[in-house]
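For reference, the structure is listed below as structure tokens.
Read-outs: derived from the displayed coordinates by stated rules, not from any lab. Remember, it's a predicted structure, so these values are computed and weren't measured experimentally. Using ideal geometry, Cβ is built from the backbone for each residue, glycine included, and neighbour counts are taken over all protein chains shown.
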Amino acid sequence: MRLLLDTSALLLALSEPERLSVASRSAIEDPASTVLVSAASVWEITIKRALGKLEAPESVVGAIQDAGFETLDITPDHAERAGGLPPHHRDPFDRMLVAQALAEGCTLLTRDDALQDYDVEILRA
């Protein structure tokens, strides 16, 4: 399974994995799974940490690597897809994650119920 963690799922996976659903923990821990983290999530975490809105590892990229997750760059195709999505969700970071999940054939691991309005496979975090 190819999993794309949304930002909140990533933060839980890094700091409080016991708060993830049993199904999502199993999928992340499955050796056959590829667990991806978008550059958009790294960007969002870094911005919110700088604004004092959340606590996160000083090196988000280092924490992702230590966890054995892979990073996913943002491509022009991802940007075009995100821009063309229906306006079900206003958060540009979440819209990018939906676009990336669609483009890359990933299941999006999230707790955000609003993302279910998109035609993307979701695993509840």
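Before moving on, here are some points about what is shown:
- Most mobile of G62, G52, G84 in a GNM of the chain (Cα contacts under 10 Å): G52
- For H78, H88, order by how many other beta-carbon atoms lie within 10 Å, fewest first: H88, H78
- Fewest neighbouring Cβ atoms within 10 Å first, the residues K48, K53 line up as K53, K48.
- Only DSSP H runs of four or more residues enter the estimate; each adds -39500 (n - 2.57), and after division by the residues of the chain the mean residue ellipticity at 222 nm equals -13500 deg cm²/dmol.
- Assuming charge only on the beta carbon of Lys and Arg (+1) and of Asp and Glu (-1), the dipole of segment 81-125 about its Cα centre is about 80 debye to the nearest 20.
- Most mobile of V35, V60, V22 in a GNM of the chain (Cα contacts under 10 Å): V22
- GNM result for the chain, Cα springs below 10 Å: residue of D66, D94, D112 fluctuating most strongly: D66
- Dipole in debye (nearest 20) - segment 16-124, about Cα centre, beta carbon charges: Lys, Arg +1; Asp, Glu -1: 320
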